[in-house]
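Peer 1: Right, I'll just put the structure down here and ask away after.
The values are calculated or read from the model by the stated rules, or taken from the named source; none is laboratory data. The model shown is predicted, which means the values in this text are computed figures rather than measured ones. Ideal geometry is used to build each Cβ from the backbone, glycine not excepted, and the neighbour counts take in all protein chains shown. The area values use the complete protein model at the heavy-atom level, side chains included, leaving out ligands, DNA and RNA. Shrake-Rupley method; radii C 1.70, N 1.55, O 1.52, S 1.80 Å.
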Amino acid sequence: QVQLVESGGGLVQPGGSLRISCAASGSIFSFNGMGWYRQAPGKQRELVAGIGIGGYSRYYDDSVEGRFTISRDNAKNTVYLQMNNLKPEDTGVYYCNLVNPSLGWRLIRDYWGQGTQVTVSS
């Protein structure tokens, strides 16, 4: 069973930047696509970015396109999300999970870590 631990969240002003990380245990990390999900207050969790196994295929939701960059380091079993020009609507708990790029970035398993809180506010 892959364990996922998200970190790096915090409070940032609008227009600011933040990089969050997700460390995965287990060798299965290198054989799966990874995605970052956001759950805003009172809303459902949604996929905002995804990355394929080799890092070449990527997906971004329209709401973050051009501002967020997803990357991964398979040697460290870690996936990152660099968030620039943050907006108040980016506020939420961010989670990572395994996804299948070949099936429309579909979630592979419905088992979540604790997430990391990102708050964008002045």
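Peer 1: Kindly evaluate Leu11 against the criterion of being of a type outside the set (S, T, N, Q), farther than 21 Å from Tyr111 by Cα and assigned to a strand (DSSP E or B). Walk me through it before giving the result.
Peer 2: Numbers: of a type outside the set (S, T, N, Q): yes; farther than 21 Å from Tyr111 by Cα: yes; assigned to a strand (DSSP E or B): yes.
So Leu11 fits the description; yes.
Peer 1: How many of the residues in region 102-111 are open to solvent by 60 Å² or more (accessible area, probe 1.4 Å) and not hydroxyl-bearing (Ser, Thr, Tyr)? Write out each step before concluding.
Peer 2: Step one: list which residues in region 102-111 are open to solvent by 60 Å² or more (accessible area, probe 1.4 Å), which gives 102-104, 106, 108, 110-111.
Restricting the remaining residues to those that are not hydroxyl-bearing (Ser, Thr, Tyr) gives 103-104, 106, 108, 110.
Qualifying residue count for the region: 5.
Peer 1: From the residues in region 16-45 that are in contact with a Ser or Thr (Cβ under 8 Å, 6 or more places away or on another chain) and open to solvent by 30 Å² or more (accessible area, probe 1.4 Å), which one is modelled with the lowest pLDDT?
Peer 2: Looking at the filtered set, the residue picked out is Pro41.
Peer 1: Quick one: Val48 ticks every box in (1) surrounded by fewer than 20 Cβ atoms within 10 Å (Cβ to Cβ); (2) more than 20 Å from Gln1 (Cα to Cα) except a single one, so which number is it?
Peer 2: Of (1) surrounded by fewer than 20 Cβ atoms within 10 Å (Cβ to Cβ); (2) more than 20 Å from Gln1 (Cα to Cα), only one is false for Val48: (1).
Peer 1: Moving on to the next point. Mind checking whether some residue in region 30-45 is at negative phi, of a type in the set (S, T, N, Q) and free of Cβ contacts under 8 Å to residues at least 24 places away in the same chain?
Peer 2: Within region 30-45, one or more residues are at negative phi, of a type in the set (S, T, N, Q) and free of Cβ contacts under 8 Å to residues at least 24 places away in the same chain.
Peer 1: Also, I was wondering about something else. All but one of (1) among the polar types (S, T, N, Q); (2) under 15 Å from Asp73 (Cβ atoms); (3) touching a Gly at 6+ places or on another chain (Cβ under 7 Å) hold for Ser30; state the number of the condition that does not hold.
Peer 2: Every listed condition holds for Ser30 apart from (3).
Peer 1: Would you mention how many residues in region 58-101 are among the basic types (Lys, Arg), surrounded by fewer than 20 Cβ atoms within 10 Å (Cβ to Cβ) and not in a loop (DSSP other than H, G, I, E, B)?
Peer 2: Summing the residues that are among the basic types (Lys, Arg), surrounded by fewer than 20 Cβ atoms within 10 Å (Cβ to Cβ) and not in a loop (DSSP other than H, G, I, E, B) in region 58-101 gives 1.
Peer 1: Just one of Asn74, Asn97, Asn32 is farther than 20 Å from Thr119 by Cα, polar (S, T, N, Q) and out of contact with any strand residue (DSSP E or B) (no Cβ under 8 Å at 6 or more places or on another chain); which is it?
Peer 2: Only one candidate qualifies: Asn74.
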